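The values are calculated or read from the model by the stated rules, or taken from the named source; none is laboratory data. Everything quoted here is computed from the prediction, not taken from an experiment. All Cβ positions, even for glycine, are placed from backbone atoms using ideal geometry, and neighbour counts span all protein chains on display. The protein model used for the area step is the full one, side chains on, heavy atoms only, and it has no ligands, DNA or RNA in it. Shrake-Rupley method; radii C 1.70, N 1.55, O 1.52, S 1.80 Å.
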Amino acid sequence: MGEPMAANLLRAGTKLVVWNRTAARTAPFLAAGADVAGSVAEVFARAPVVLAMLANGAASFPKERVEVFAAGRVLQLDNFRKLTGYGWPGFRKMNLWRQDKGQNACAGAFLAGVESGKPAIPVDEIFEVARVTIEIAELLRSQE
């Protein structure tokens, strides 16, 4: 996942500092214009923003985590299967039988939009996401 993201950022003109524990895997990024760091510490020392993509480790450790902090409470969703609540009266945890990242609902909403002629995502939301994405890209470029 990290390699395609880095390649897309490079194609968009974003300056990158990359590192991989297998140094040969950084060669395509060096050829595409990225700077290659000699260590993780060097990445953090040189880059104003760091995105870490870690796909290995113990099978029991969650690879995808979403944390929501609101009003002194926390919801933590691991691998889209285990939901844990902290500070929520009457709720501690919930385990889901299957992982659901929303792909089926997304495809269903798209098809319903095609059938009805109404977009699945309101146009103002699409523009807002695009605006924020452009602002983040500009911020990253200004840090070069």
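Of the residues making up the stretch 1-48, just one is outside any helix (DSSP H, G or I), among the basic types (Lys, Arg) and closer than 23 Å to residue 63 by Cα, namely 21. When the stretch 61-81 is limited to residues that are of a type in the set (A, V, I, L, M, F, W, C) and surrounded by 12 or more Cβ atoms within 10 Å (Cβ to Cβ), the one that is farthest from residue 2 (Cα to Cα) turns out to be 74. Being touching a strand residue (DSSP E or B) at 6+ places or on another chain (Cβ under 9 Å), β-branched (Val, Ile, Thr) and over 27 Å from residue 136 (Cβ atoms) holds for only one residue in 26, 22, 84, and it is 84. Name the single residue that is most open to solvent (accessible area, probe 1.4 Å) among those in the stretch 116-144 being in a loop (DSSP other than H, G, I, E, B) and farther than 17 Å from residue 11 by Cα. Within the stretch 116-144, the match that is most open to solvent (accessible area, probe 1.4 Å) is 118.
What are the residues in the stretch 32-55 that are open to solvent by 90 Å² or more (accessible area, probe 1.4 Å) and under 27 Å from residue 138 (Cβ atoms), if any? Steps first, answer last, please.
Filtering the stretch 32-55 for residues open to solvent by 90 Å² or more (accessible area, probe 1.4 Å) gives 44, 46, 51, 54-55.
Once the filter is applied, which keeps residues that are open to solvent by 90 Å² or more (accessible area, probe 1.4 Å) and under 27 Å from residue 138 (Cβ atoms), the stretch 32-55 yields 44, 46, 51.
Of the candidates 72, 2, 13, 85, the single residue that is of a type outside the set (Ser, Thr, Tyr) and farther than 30 Å from residue 100 by Cα is 13. Considering only residues that are open to solvent by less than 100 Å² (accessible area, probe 1.4 Å) and free of Cβ contacts under 8 Å to residues at least 12 places away in the same chain, look in the stretch 82-105 and name the one that is nearest to residue 67 (Cα to Cα). In this case the residue turns out to be 84.
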